[in-house]
Amino acid sequence: MVQLAIKDVDRVLHDNNGQKINVLKDINLKVGSGEFISIIGPSGCGKTTLLRLISGLDTPENGQVSVDGKLITEPDVSRGYVFQHGSLFPWETIRENISSGLKAIHGHDYDHELVDQYIDLMGLKGFESAYPHQVSGGMAQRAALARSIVLKPELLLLDEPMGALDAFTRADVQDVIQKVWKQTKTTMILVTHDIDEAIYLGTQIVVMTPRPGKIKEIVDNPLDFPRNRTSDEFLNFRREIQDKLNFGVNET
Ligand SMILES: Nc1ncnc2c1ncn2[C@@H]1O[C@H](COP(=O)(O)OP(=O)(O)OP(=O)(O)O)[C@@H](O)[C@H]1O
């Protein structure tokens, strides 16, 4: 079943001099339920803008973005969004942060057990009472992920959530995201600059090119789970995606 449909979308913005920027041009993408889509491309090719359109934070000049045939016109709790810097509330503990959305919707009678389950799943047990500045960057991102996923969104949008993490922590958070994706079967869309990350997590890789921001190719990931980042298959597929990205950059 197709869940998300992006059809003939254009997004035009203006720079500080009033010059028109074709941030996105002719974007078409269909995302089936339970897929993990990795969007990769050079800086400025419109990846974040595309996520914002999907979330409903922004609207296109032309074209449509819809979920199950329903046009997206504004943000909705059915679409979660995790930012590069998880933007946890600094004045709340990790537990309070994870519960904040549930509390806003259901009041104090929210499902406390569900929060416990996610604290466990995210490896945050023992840190529930800590404040964001008292935990590592990886833990903070896992908490930000928990805060979104606990609301059981149909679609989770991940805007470079590992972008500011070191390589070890990054791999750790990737594994947590994969575990959550497999357990909850939530459709996920990840924006990343990291080819290995895109391949490790994605069922499909969307390769974008800049000026104007376009989808160059949508590539099915042929690799089975569990994925081994050093296997020949992984490295061959990596080369394939790398070639597509370099070709896109040289083209402009
Ligand atoms: N609010 C805005 N007003 C004007 N231009 C903008 C605005 N937001 C983004 N842009 C421009 O749109 C283009 C695409 O930006 P976007 O952030 O979507 O790209 P990106 O691929 O996510 O980049 P990065 O990988 O560096 O985060 C860039 O040229 C950017 O300068």
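Numbers for the structure displayed
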quantity	calculated
Percent of alpha-carbon pairs separated by more than 21 Å within the stretch 145-252	39
Segment SER129-ASP109, length gained on full extension (0.36 nm per residue, minus Cα span)	5.2 nm
FRET efficiency for ASP220 and SER87, using Cβ-Cβ distance with R0 set to 30 Å, rounded to 0.05	0.35
Spin-label model distance (nm) - GLN117 vs ASN16, 7 Å beyond Cα toward Cβ	4.9
Order of exposure, largest accessible area first, which applies to TRP181, TRP91 with probe 1.4 Å	TRP91, TRP181
Relative contact order, percent, the chain [alpha-carbon distance under 8 Å, six or more residues apart]	26
Shape category assigned to the stretch 64-202 from the gyration tensor of Cα positions, a/c cut at 1.5	oblate
Antiparallel bridges, percent of DSSP beta bridges restricted to the stretch 115-252 (to nearest 5)	55
Label point distance in nm, SER78-LYS182, each placed 7 Å from Cα along Cα→Cβ	2.8
Heavy-atom accessible area ranking, 1.4 Å probe, most first, across LYS216, LYS125, LYS7	LYS125, LYS7, LYS216
Exposure ranking of ILE149, ILE215 by accessible area [1.4 Å probe, largest first]	ILE215, ILE149
Paramagnetic reach from ARG211 in the stretch 27-65 [backbone N under 14 Å; point 7 Å along Cα→Cβ]	42-46
Shape call, the stretch 115-195: gyration tensor on alpha carbons, a/c limit 1.5	oblate
Approximate shape of the stretch 66-106 as ellipsoid semi-axes (Cα gyration tensor, √5λ), whole Å, largest first	26, 13, 7
Projected-area mean, the chain, by convex hull of Cα positions, square nanometres	14.5
Separation of alpha-carbon centers, the stretch 174-252 and the stretch 49-68, rounded to whole Å	22
Straight-distance crosslink candidates among lysines, where the alpha carbon sits under 30 Å from LYS244 and sequence neighbours closer than 8 are dropped	LYS7, LYS20, LYS25, LYS30, LYS47, LYS179, LYS182, LYS185, LYS214, LYS216
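The values are calculated or read from the model by the stated rules, or taken from the named source; none is laboratory data. Predicted model only: the values in this text are computed from it and were never measured. Cβ: placed from backbone, ideal geometry, glycine included. Neighbour counts: every protein chain shown. These accessible areas exclude ligands, DNA and RNA; they are computed on the full protein's heavy atoms, side chains included. Shrake-Rupley method; radii C 1.70, N 1.55, O 1.52, S 1.80 Å.
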